[in-house]
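Worksheet: the structure to be examined is printed underneath.
The values are calculated or read from the model by the stated rules, or taken from the named source; none is laboratory data. All values derive from a computational prediction rather than experimental measurement. We place every Cβ from the backbone using ideal geometry, glycine too, and count neighbours over all the protein chains shown.
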Amino acid sequence: MSSTNRLRIAIQKSGRLSKDCQSLLKQLGVKLNLREERLIAHSTNMPIDVLRVRDDDIPGLVMDGVCDLGIVGENVLVEAQAERLKGGQPAEVEKLSSLDFGYCRLALAWPQELGPQSKSWFQGKRIATTYPQILKNYLKAENINAQVVVLTGSVEVAPRAGLADAICDLVSTGATLEANGLMQGDTILESNACLIKNPTMSCPDKAALINKLLPRLKGVRQAKE
Ligand code: PRP
Ligand code: ZN
Ligand code: MG
């Protein structure tokens with residue numbers, strides 16, 4: 001079993017960030033014995049354990065100090081922070097670095113056949129999303145009174161299924177919107193993957209290890225420029 005003095009890093013188990021997270025760790029010199037079915041991978045050359053979890057769980061794991069570091073999309077981080085603040089829970093993380101992968105945008109979209117629409121069209125409409133807090137904050141700021149329908153997946157089929165009039169979902173290539181006959185509207189949030197840290201982590205050994213990894217991260221980024 002892992003002991004507590006090993007640095008714990010949470011990454012996405014399967015999804016848009018997993019491959020890039022694994023290659024980043026490799027480029028940082030962290031050797032891992034990854035086995036598909038395992039939740040935890042112990043590094044063979046550094047006191048590091050990598051936890052592979054659902055991306056939505058990563059901010060909470062880092063905020064609560066269950067993991068010291070996490071790699072997560074800003075979209076997931078911002079939503080989790082808003083959700084926690086609402087519930088009066090600690091929501092702080094230290095953002096160590098923005099990463100150059102996982103770019104996507106959270107955007108509004110509606111059935112193509114309706115043609116272009118302005119913001120006022122959303123008044124009184126139902127909007128399906130996996131990001132209710134970000135969407136609600138946006139609607140409030142824009143003075144739009146709309147109903148937010150929370151779906152954890154398959155958001156793009158909501159209009160066709162009659163569950164909502166429009167959606168607010170992640171767009172990367174735009175292929176999903178196109179395949180579902182949806183037209184893209186305003187971007188609510190732009191997002192990249194980022195490296196986050198528990199702000200109260202106080203173990204000097206872990207801090208020293210992070211200080212060893214950060215210059216390497218900078219080196220990897222510069223090499224790509
Ligand atoms: C997002 C989003 C769309 C898709 C858009 O899902 O929900 O389904 O990506 O990408 P595209 O514009 O390249 O087609 P994601 O892969 O993040 O999975 P998740 O919704 O299960 O988290
Ligand atoms: Zn172990
Ligand atoms: Mg997800």
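Inclusion of GLU113 among residues that are over 27 Å from GLU37 (Cα atoms), assigned to a loop (DSSP other than H, G, I, E, B) and touching a residue at least 60 places away in the same chain (Cβ under 8 Å) is not warranted. The selection criterion, being of a type in the set (D, E, K, R), more than 17 Å from LYS206 (Cα to Cα) and within 16 Å of ligand 2 (Cβ to nearest atom), does not hold for ARG84.
Annotation note: Cβ proximity below 6 Å between a residue of the stretch 6-21 that is under 16 Å from LEU214 (Cα atoms) and in the same structural domain as ARG35 (by TED's automatic domain parsing) and a residue that is within 14 Å of ligand 3 (Cβ to nearest atom) and assigned to a strand (DSSP E or B) (sequence gap 6+ or interchain) occurs for CYS21/ILE11; CYS21/ILE71. Filtering the stretch 133-177 to residues that are in a helix (DSSP H, G or I) and more than 17 Å from CYS104 (Cα to Cα) leaves GLN133, LYS136, ASN137, TYR138, LEU139, LYS140, ALA141, VAL157.
Here's the yes/no breakdown for (1) surrounded by fewer than 19 Cβ atoms within 10 Å (Cβ to Cβ); (2) closer than 30 Å to ILE134 by Cα:
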site	(1), (2)
GLY181	yes, yes
ALA193	no, yes
ARG216	yes, no
GLU225	yes, no
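Check whether at least one residue in the stretch 131-142 is of a type in the set (Asp, Glu), within 18 Å of the chain's Cα centre (by Cα) and more than 20 Å from LEU209 (Cα to Cα), and report yes or no. Among the residues of the stretch 131-142, not one is of a type in the set (Asp, Glu), within 18 Å of the chain's Cα centre (by Cα) and more than 20 Å from LEU209 (Cα to Cα), which makes the answer no.
Close Cβ contacts (under 6 Å, 6 or more residues apart or on different chains) running from residues in the stretch 146-168 that are free of Cβ contacts under 8 Å to residues at least 40 places away in the same chain to residues that are among the acidic types (Asp, Glu) and part of a strand (DSSP E or B) comprise VAL155/ASP169. All conditions in (1) in contact with a Leu (Cβ under 6 Å, 6 or more places away or on another chain); (2) within 27 Å of ALA166 (Cα to Cα); (3) in a strand (DSSP E or B) hold for ASN75, with the sole exception of (3).
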